[in-house]
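Read through the structure below, which is laid out as structure tokens, and then see the notes.
The values are calculated or read from the model by the stated rules, or taken from the named source; none is laboratory data. Given the structure is predicted, the values throughout are model-derived calculations rather than measurements. Cβ coordinates were reconstructed from backbone atoms using ideal geometry, including for glycine residues, and neighbour counts include every protein chain displayed.
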Amino acid sequence: MNYIWFWTFWHWSKEGFRRGAVLRDALHGIGGHWDEWFGHEASDGDRRTIEEIGRTEMGQRKFIYWLCRYWIPEAIPNRNRLISRFILGQLARVPPFNTWPAFARFRRSYGLEGIKAIVLAESSAGQPQDIRNIEALILPRDGDATSPELVPEEFQAEATDLQPALQSAKQLLSGKGLLIFLTQWVLRGRRPYPRWLTATLVMGWLALVGLILMLMFGPDPGSRLFLVETILVGLWVGLILVEAGVAGVVALRAGRSGMVLRQRLENSQVRLRMNGGLTLKGGSAGVPFCLNILSSLYRAFPNDTKGSWLLQQAFRKLCSAGHSCAATGALTADGRLKQVVLEPKIRACLKEGGIQQLLTPNQPEATESAIEPLAKVSPASAVRPVPAASSGSRVQFGFAAEKPGLRVHRCNHVANAVLVLGGFIDRWRVVANILLVTASAVMLTALPDLRSVLLPQAAPVAVPPASPTPYDLWVSMSTKHPQYFSVVLESDYWSNRRAEVKRYEDPIPSVRAEIPFHRLTGLTSANEDDGIVWIERRHRFLGREFLPGERVGRYTIPYLTHLGHE
């Protein structure tokens, strides 16, 4: 009951907006509405109660606790966790809260440390103060239909310079930007594998490569060929299913969560705050604006990413990277980075001392060779002060603060920036993908050879035409896969021969094997009709020939020579 006066103010504010007496709804205009209510509408009893609460810092803190813990969930039934920061920040600037010590930390900041923007002051060659913190707040949409989607606080900028950041954030949540992000992650991003699964997959791919090399260059497996190729195909299919399955599930869940978050963003108003009272010229702060909008969306609705490991990891890292990361670059509406002036901005980061990572567009000035000369002439200004030792101390300690190296990440798209800051870049994943693509290409090339062993083609049947001359034996057969069959002549009268089955177009088109007749020397009781012709399967793997397979056809010489001539 000590805070009934705040409910009175809230209902007055909502009713005033409904009647048109105030221009903004109760939430977005809470600071101005309170100033008017407290100065003109509050009763003497309400004023005395407020004064009594504000006498002690404990009473002030109790009011803040009640406001965040009880009043906001009931008055504004929205799961947005940033509403309390906005309300406290707005109230902290108006009387009597602007004199309450408990509100001191809300007066100049919402308490959100975002990725820094490098905004050069006029004629600045790059100074530490040019690195500015960006705070982004996601709030429910203003009840005024004419209110903008994106509102700058404490700085001025053209809407055309701010909108690309908002549009890029939407595209990254659900659109072309998300597709680029997922593609980049598939190509070089780490996977959510436990260690045992990572080790198992590595061993599986190594075993796959070993089996391929054994079939290409090792000893002939003989009767074990079917078993070896079964293991090879099963291993390859299993590895592909695991890799594709995990990537597909992660991408699908990221798409679902991204759609939810984009809907949240479209139904919200974004407020960007940057202290300094600057007037921005150009859109070089588009990248930090976009990244901070995304991190603010996660801070407001963290539960919406629980179903997506990828987005949850990315946004968590975006939120934690703010203290040591800066970004620059103008954005297009689809999230691509445009080139900007870099040298003074790099110099500002080197002088500031606390910036460890810098995101820039992909341009030549953002290379290590270009940064080294600037680093030599831009010593860090941030050195930890050492308190003076007392005269009675026997030992004095000095502390030297060494500036960490500045890592510059060149990005073509804002999706690359999220991938870098999210900690997804994995060199071993690139190696693994190269191995995966190479091994899969070999397997796809060898697939017909593998099929001929694991799922052999139907046995062919001898068909016309027969040889038109008595000097050759034609074994024509009905098959669409002549490369996987051979013909063997076994005779006591003719020289034993083995011939490949080929497709001939001239003079008589057919699929056949041609065996020239050569009589054996020496005495024999056999005659020219003596002999058996066998059709055998051929086992091959990427051009290598293994021992012949089973015999699937048996014909006599007279049958084949008279075939089609009856």
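Okay, here's what the table says:
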{"read-out": "Residue 137 outside the structural domain of residue 14 (by TED's automatic domain parsing), more than 28 Å from residue 16 (Cβ to Cβ), out of contact with any His (no Cβ under 9 Å at 6 or more places or on another chain) and of a type outside the set (Gly, Ala, Ser)", "value": "no"}
{"read-out": "One residue from 67, 91 being surrounded by 20 or more Cβ atoms within 10 Å (Cβ to Cβ) and under 25 Å from residue 5 (Cα atoms)", "value": "91"}
{"read-out": "Top-ranked residue in segment 458-474 [being closer than 30 Å to residue 215 by Cβ and in contact with a strand residue (DSSP E or B) (Cβ under 8 Å, 6 or more places away or on another chain); ranked as surrounded by the most Cβ atoms within 10 Å (Cβ to Cβ)]", "value": "460"}
{"read-out": "Residue selected from segment 396-444 under the condition of a type in the set (Phe, Trp, Tyr) and either at pLDDT 90 or above or within 25 Å of residue 181 (Cβ to Cβ) (or both), by the criterion surrounded by the fewest Cβ atoms within 10 Å (Cβ to Cβ)", "value": "428"}
{"read-out": "Enumeration of residues in segment 105-123 that are touching a residue at least 12 places away in the same chain (Cβ under 8 Å) and outside any loop (DSSP other than H, G, I, E, B)", "value": "106, 116, 117, 118"}
{"read-out": "Selection count where residues are more than 30 Å from residue 525 (Cα to Cα), in contact with a helix residue (DSSP H, G or I) (Cβ under 9 Å, 6 or more places away or on another chain) and among the β-branched types (Val, Ile, Thr), scope segment 443-496", "value": "1"}
{"read-out": "Residue match in segment 517-530 (condition: buried (at least 18 other Cβ atoms within 10 Å of the Cβ) and in contact (Cβ under 8 Å) with a residue 60 or more places away in the chain)", "value": "no"}
{"read-out": "So residue 541, is it surrounded by 12 or more Cβ atoms within 10 Å (Cβ to Cβ), touching a Leu at 6+ places or on another chain (Cβ under 8 Å) and closer than 30 Å to residue 442 by Cβ", "value": "yes"}
{"read-out": "Members of segment 497-520 found to be touching a helix residue (DSSP H, G or I) at 6+ places or on another chain (Cβ under 9 Å) and among the charged types (D, E, K, R), listed by number", "value": "500, 502, 503, 512"}
{"read-out": "Candidate set: segment 285-308, residues that are of a type in the set (S, T, N, Q) and buried (at least 24 other Cβ atoms within 10 Å of the Cβ); chosen: the one farthest from residue 270 (Cα to Cα)", "value": "295"}
{"read-out": "From the options 345, 317, residue that is among the charged types (D, E, K, R), crowded, with 22+ Cβ neighbours inside 10 Å and over 24 Å from residue 108 (Cα atoms)", "value": "345"}
{"read-out": "Segment 494-506 - residue that is outside any strand (DSSP E or B) and closer than 17 Å to residue 531 by Cβ and, of those, farthest from the chain's Cα centre (by Cα)", "value": "495"}
{"read-out": "Selection from segment 150-175 of residues that are surrounded by fewer than 17 Cβ atoms within 10 Å (Cβ to Cβ) and on the phi < 0 side of the Ramachandran plot", "value": "151, 153, 156, 158, 159, 160"}
{"read-out": "Test: residue 549 is modelled with pLDDT of 90 or more, in contact with an Asp or Glu (Cβ under 7 Å, 6 or more places away or on another chain) and of a type outside the set (D, E, K, R)", "value": "yes"}
{"read-out": "Options 172, 201, 178; residue that is closer than 30 Å to residue 234 by Cβ, in contact (Cβ under 8 Å) with a residue 24 or more places away in the chain and either outside any strand (DSSP E or B) or of a type in the set (Phe, Trp, Tyr) (or both)", "value": "201"}
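To keep it simple, each residue is scored yes or no on (1) part of a helix (DSSP H, G or I); (2) touching a residue at least 60 places away in the same chain (Cβ under 8 Å); (3) assigned by TED's automatic domain parsing to the domain that holds residue 121; (4) not hydrophobic (A, V, I, L, M, F, W, C).
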{"position": "272", "(1), (2), (3), (4)": "no, yes, yes, no"}
{"position": "276", "(1), (2), (3), (4)": "no, yes, yes, yes"}
{"position": "288", "(1), (2), (3), (4)": "yes, yes, yes, yes"}
{"position": "298", "(1), (2), (3), (4)": "yes, no, yes, yes"}
{"position": "313", "(1), (2), (3), (4)": "yes, yes, yes, yes"}
{"position": "319", "(1), (2), (3), (4)": "yes, no, yes, no"}
{"position": "326", "(1), (2), (3), (4)": "no, yes, yes, no"}
